[in-house]
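Below you'll find the structure, written out as structure tokens, and then a few comments.
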Amino acid sequence: MISVDNLAVEFGGTTLFSEVSFTINENDKIALMGKNGAGKSTMMKIIAGEQRPSKGHVRFPKDAIIAYLPQHLLTEDACTVFDEASKAFSHIFEMRDEMEQLNKALETRTDYDSDDYMKIIQKVSDLGEKYYALEDVNYDAEVEKALIGLGFKRADFTRMTSEFSGGFRMRIELAKILLQKPDLILLDEPTNHIDIESVIWLEDFLINKANAVMVISHDKAFIDNITNRTIEVTMGRIYDYKANYSHYLQLREDRRAHQIKAYQEQQRFIADNMAFIERFKGTYSKTNQVNSRERMLEKLEIIEVDDIDTSALKLRFPPAQRSGDYPVTVKDLLKSYGDHVVFENANMSISRGEKVSFVGRNGEGKSTMIKAIMGEIEVEGTCHLGHNVKVGYFAQNQASLLDEGLTIFQTVDEVAEGDVRTQIKNILGRFMFKGDDIDKKVSVLSGGEKTRLAMVKLLLEPVNLLILDEPTNHLDLKSKDVLKEALLAFDGTLILVSHDRDFLQGLSQKVFEFKNQRVIEHFETIDDFLVRNRIENLKEIDLQK
């Protein structure tokens, strides 16, 4: 059991949270929730030992293993993928190597009665007791299972980690954490850089093989599937629910309803007493009662209602000219890099107004196909945009394309038209840009902030073909809801690449699956495809066990 006792974090005269206490038990699967800036990541860092609190402490058993995966972490570049992942067992290998060295030393020594000889004997005995008490494990096989589950191919095992993107290197670090079988796994946005198949594998691992887990995530389907407890950080304190995320939302609404009722009753009580005080102040016969009520009101603790975003702002894409009947046509497309074939004989025809999803493991060609459609790369075959097509394109690197010399407000103002210009501050607020933030230069924004700003900009441009490549990685749940509502109301053509299943659901009527150098067209909704895909992937997981 891990105990969090009376934690508080204060900086610059501001209290982030205080008097926070809870315990983490074996097999607890906890979603750590709260709006941006509430202190979720800070609390997780304190539990991981990465940051010290202003007050309080975290207690855990001496031999407990706590593993932490932050949002941004890169592995070293000096070894292969397999060797880096194998570092999860480095303490075991070090124990084995030390025993071998000590045994070799014993073979050459003849001072059998000396204290040094007896010390070596004792050390070999102690190490042997620990080493041979370990479960008999085929460590290479475990590393292989973890890497394949997280989207690596066997051919990747011998490649240097420096050859991989940041997302894939994050997966190596995640594999190392899972292989250690820690008592508590702390995960901060673990699904941002992994595809749907890898998310399914990770879910199965966390549900069936992990001990305690605490996760921060904006992936609603992921946290709903893996968690049985929700701790909400809000207004400097926590609420602890023995419920998954969806059930927690219902319980939170009930809590706020009770808070609002109690607050309103208290305000009536205060008003009645204030009226009495005003009426009888200066009346000699009522002096004691007036003084008594004044003291009572001074001591009264005002009931607070938890902060929640009640704004009803909805965004719609501005109307655009009608496109031709087939905005996108792909015929017999081949793309290769040297001997590596990404896909071949790829065909697709996307009709006006159709909403389609591109799905498949990372590296199978989804983003490559989008670049081909946009004319950014050379390909063999035909790739054609239809008549009068105006494209709105959100690439994975969209944040880097913003003008860093403009402010946040100027970035949006230059594309906003009509009545929308009067709502710019409200729109930015829904995407977590509030108050003086809107006057910040783009150059000082974080990667996540730039991504959100690029999304706002796209939402205001009149287009009839939207191509979105992983648009939700840095959006919180409310921002994703705003985007999803806008996409559902969008009357143009949509091509969507995303690993966020909850976001995908209801958004497309056709699926193009990228797999084994092929592009397979599925005439089914993304919801039906995901159900079938999950079943097939869990069968693959069973075969790997």
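Using a simple spin-label model with pseudo-atoms 7 Å out from Cα toward Cβ, Ile207 and Lys55 lie 4.1 nm apart. Using only Cα coordinates, the Kirkwood hydrodynamic radius of the stretch 1-42 works out to 11.8 Å. Cα convex hull, the stretch 456-525: 105 Å³ per residue, rounded to a whole number.
Would you list Arg421, Arg252, Arg52, Arg452 from the most to the least accessible area, probe 1.4 Å?
In descending accessible area the options line up as Arg52, Arg421, Arg252, Arg452.
Computed from phi, the 3J(HN,Hα) profile of the stretch 410-419 under the Karplus parametrisation 6.51, -1.76, 1.60 (θ = phi - 60°) reads 4, 4, 7, 4, 6, 10, 6, 9, x, 5 Hz, with x in place of Gly and Pro.
When the alpha-carbon atoms of the chain are used, the pair Rg, Dmax equals 28.9, 104 angstrom. Accessible area of Cys383 (1.4 Å probe, protein heavy atoms only, ligands and nucleic acids ignored): about 40 Å².
Dipole of the chain computed with +1 at Lys/Arg Cβ and -1 at Asp/Glu Cβ about the Cα centre; of Ile526, Leu428, Thr23, farthest Cα towards the positive end is Leu428. When the P(r) is computed for the stretch 192-256, the part past 20 Å accounts for 32% of the Cα-Cα pairs. Over all distinct Cα-Cα pairs of the stretch 328-544, the Kirkwood formula returns a hydrodynamic radius of 18.6 Å.
Asp332 exposes around 80 Å² of accessible area when a 1.4 Å probe is run over every protein chain in place. For the pair the stretch 467-533 and the stretch 8-45, the centres of their Cα atoms are 32 angstrom apart. Beta bridges assigned by DSSP with both partners in the chain are antiparallel in approximately 50 percent of cases.
What is the sum of charges, Lys and Arg at +1 and Asp and Glu at -1, for the other residues whose Cβ falls under 15 Å from the Cβ of Leu445?
With Lys, Arg at +1 and Asp, Glu at -1, the net is 0.
With the Kirkwood sum run over all distinct C-alpha pairs, the stretch 350-445 has a hydrodynamic radius of 16.6 Å. Rounded to whole numbers, the Karplus 3J(HN,Hα) couplings from phi for the stretch 143-156 are 4, 4, 4, 5, 5, 5, x, 8, x, 8, 9, 4, 5, 7 Hz, using 6.51 cos²θ - 1.76 cosθ + 1.60 with θ = phi - 60°, and x at Gly and Pro. Stokes-Einstein diffusion for the stretch 268-307, with the hydrodynamic radius set to the Kirkwood value over Cα pairs and evaluated at 37 °C in a medium of 0.692 mPa s, equals 297 µm²/s.
Relative to its residue count, the stretch 295-408 spans a Cα convex hull of 243 Å³ per residue. When Ile238, Ile226 are compared by accessible surface with a 1.4 Å probe, the order from highest to lowest is Ile238, Ile226. A 1.4 Å probe over all protein chains sorts Phe409, Phe358 by accessible area into Phe409, Phe358, starting with the largest.
A convex hull fitted around the alpha carbon atoms of the stretch 91-194 yields 150 Å³ per residue. Where both bridge residues fall in the stretch 328-544, DSSP classifies roughly 50% of the beta bridges as antiparallel. Across the chain, the mean sequence separation of Cα contacts (distance under 8 Å, 6 or more residues apart), normalised by length, yields a relative contact order of 15 percent. Of the whole protein surface, His57 contributes about 80 Å² of accessible area at a 1.4 Å probe radius. Computed over the stretch 336-391, the alpha-carbon pair-distance distribution with 10 angstrom bins reads 18, 55, 24, 3, each value a whole percent. Ligands, DNA and RNA left out, the 1.4 Å accessible surface of the stretch 268-307 is 49% carbon and sulfur atoms.
Per-residue 3J(HN,Hα) values for the stretch 365-373, derived from phi via the Karplus relation 6.51 cos²θ - 1.76 cosθ + 1.60 with θ = phi - 60°, read x, 4, 5, 5, 4, 4, 5, 5, 4 Hz in sequence order (x marks Gly and Pro).
The values are calculated or read from the model by the stated rules, or taken from the named source; none is laboratory data. As the structure is a computational prediction, the values presented were derived from the model and not from experiment. Cβ sites come from the backbone with ideal geometry, for glycine too, and all protein chains shown count toward neighbours. SASA here: full protein model, heavy atoms, side chains in, ligands and nucleic acids out. Shrake-Rupley method; radii C 1.70, N 1.55, O 1.52, S 1.80 Å.
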